[in-house]
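Each value in this text was obtained by applying a stated rule to the coordinates, not by laboratory testing. The structure presented is a predicted model; accordingly, all values stated were derived computationally and were not measured. Cβ placement follows ideal geometry from the backbone for every residue including glycine, while neighbour counts extend to all protein chains displayed.
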Amino acid sequence: MATEHSDNNSEPRVWNVSENLAVDPLPITRISVLFAVLMSIIIVATVVGNVLVIMSVFTYRPLRHVQNFYIVSLAVADLAVAVLVMPYNVVYSMLGYWPFGGPFCLAWATCDILTCTASILHLCAIAVDRYRAIHDPIVYAQKRTIRRVLFIVFVVWSVSGLISIPPLLGWNDSSLFDETTYQCQLTDNPGFVVYSASGSFYIPLVLMVFVYIKIYLAVRARLRARGSASLVTGTTIGTANVALAMAVTGKREVQQQVEM
């Protein structure tokens, strides 16, 4: 890589040294530098935040609940996005071409789909877990075992792998890495686009919306039942107090009549 200044613009431009590389030069501007700085801050914050979440669950005893394993696995997925996907995306965006070669392009694209899909599917698993805990708390508390939670986490990662692996097995129209332009892009095969978009976004979106609506309705019904029970209890206690007061008052009146 080398930089040079154009005749009409004092801004440095990024050029690739190879003469066979047909890549348009990208100017290094204040906006691009600001973009790199902001993305670096986001990456560091994501790494630190998710590491703290993982450490908190394993080191702080009150957080060592079975359901928090979903949170730990979600943090691992987000941490993988911040470490394996985002830094290379920043470099790719800044340079305008992929400098890491074809094999790593394929691995990077696969990690991108895998980790992002896993993160979304973990949110679905957490939503379903919350609904079952609210809908039938006593029975579900007995069914929510470590083995069951770990099995669901395994299923989430397995489904994510099934969604991300097909390009590695040849489900693409061409190579993800263009050796002429040095561009690394996900396959635009219509079948895989529909398959991955459905599994990574649309189906989880519909599921989470449905589950959280059910959670809202269940919580509202429970609050109404609790309010009705409190009202009935308050009315019963009030009636009992009135009856007791009347009984005591009547007894005093009878005593007063006997004394007279």
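By how many nm would the segment from His135 to Val206 grow when fully extended, if each residue of separation counts as 0.36 nm and the alpha-carbon distance is taken off?
23.6 nm
Considering the Cα trace of segment 46-151, what is its radius of gyration and what is Dmax, both in angstroms?
Rg, Dmax (Cα atoms, Å): 17.5, 56.
Fully extended, how many nm does the chain gain between Ala107 and Ile165 (0.36 nm per residue separation, minus their Cα-Cα distance)?
Contour length minus Cα-Cα distance gives 19.9 nm.
For Met94 paired with Arg148, estimate the spin-label separation in nm (one decimal), with each label point 7 Å from Cα along the Cα-to-Cβ line.
Going by the 7 Å Cα→Cβ label model, 4.8 nm.
Which FRET efficiency value, to the nearest 0.05, is calculated for Ile31 and Gln185 with the Förster distance at 22 angstrom and r the Cβ-Cβ distance?
0.45
Counting other beta carbons within 10 Å of each residue's own, what order do Leu84, Leu34, Leu79 fall into, fewest first?
Ranking Leu84, Leu34, Leu79 by Cβ neighbours within 10 Å, fewest first, gives Leu34, Leu84, Leu79.
Where in segment 134-168 does the amide nitrogen come within less than 16 Å of the point 7 Å from the Cα of Ala225, taken along Cα to Cβ?
134-141
Give me the one-decimal nm value for the distance between modelled label points at Val83 and Tyr216, 7 Å along each residue's Cα-to-Cβ direction.
Simple spin-label model gives 3.8 nm for this pair.
When Lys and Arg each count +1 and Asp and Glu each count -1, what net charge do the other residues less than 12 Å away from Ile152, Cβ to Cβ, add up to?
+4
Would you mind giving the three semi-axes, in whole Å and largest first, of the ellipsoid equivalent to segment 78-136 according to its Cα gyration tensor?
So the three semi-axes of segment 78-136 are 34, 10, 7 Å.
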